[in-house]
Amino acid sequence: MSSPGGHEELAHDVLRHLLGVMQAMKEHVTALATEFDLTLSQLDAMKNLGEPCSQRELAQCLHFDASNVTDIVDRLEARGLVVRTVDPHDRRVRRIVRTPAGEELRRQALDEALASAPTVAPLSASEQKTLCELLGKIAEPVALPF
């Protein structure tokens, strides 16, 4: 039987490991953005621009104020990665669309992200399944940052 203090120490160890995984992922995504000469916000915007969307919709995806997204889109547009187009249903709205160069950058970043991401490869398939089940008990999964 474990002591209450032992359980608390184990819980802290688990949290330290989880924070270590989060830190590794943050460092990985930051390095990836730097490799493609993007900020983290610009990389996130490129990831979230699957379908043409308004700046307001993009801001909602990024959890930013719409005014903050203007600078992000301006910089991506200056690099030729996105363009603003007129919404065919409402001419007052501009839709942000990835250009072919933007799509290529997004594809390259995704390929690089998957190839070099911190992985669970050291774990067997059974261990990965168990880890996924255990993590599912404490948090809902979220989309990958790339």
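Read the figures in this text as sums done on the coordinates, not as results from a lab. Quick caveat, the model's predicted, so the values are computed rather than measured. Every residue, glycine among them, receives a Cβ derived from its backbone with ideal geometry; neighbour counts consider all protein chains shown.
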In a loop (DSSP other than H, G, I, E, B) and within 26 Å of Pro88 (Cα to Cα): which single residue out of Glu57, Glu51 fits that description? Glu51
Being of a type in the set (S, T, N, Q) and in contact with a Gly (Cβ under 7 Å, 6 or more places away or on another chain) is the requirement here; does Thr99 meet it? yes
Please work out which one of (1) assigned to a helix (DSSP H, G or I); (2) farther than 30 Å from Ala11 by Cβ; (3) free of Cβ contacts under 8 Å to residues at least 60 places away in the same chain is the condition Ala109 fails and give its number. (3)
Yes/no for Asp71 being in contact with a Ser or Thr (Cβ under 8 Å, 6 or more places away or on another chain), surrounded by 12 or more Cβ atoms within 10 Å (Cβ to Cβ) and among the acidic types (Asp, Glu): no
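Residues that are in contact (Cβ under 8 Å) with a residue 40 or more places away in the chain and out of contact with any helix residue (DSSP H, G or I) (no Cβ under 6 Å at 6 or more places or on another chain): does the stretch 58-67 have at least one?
no
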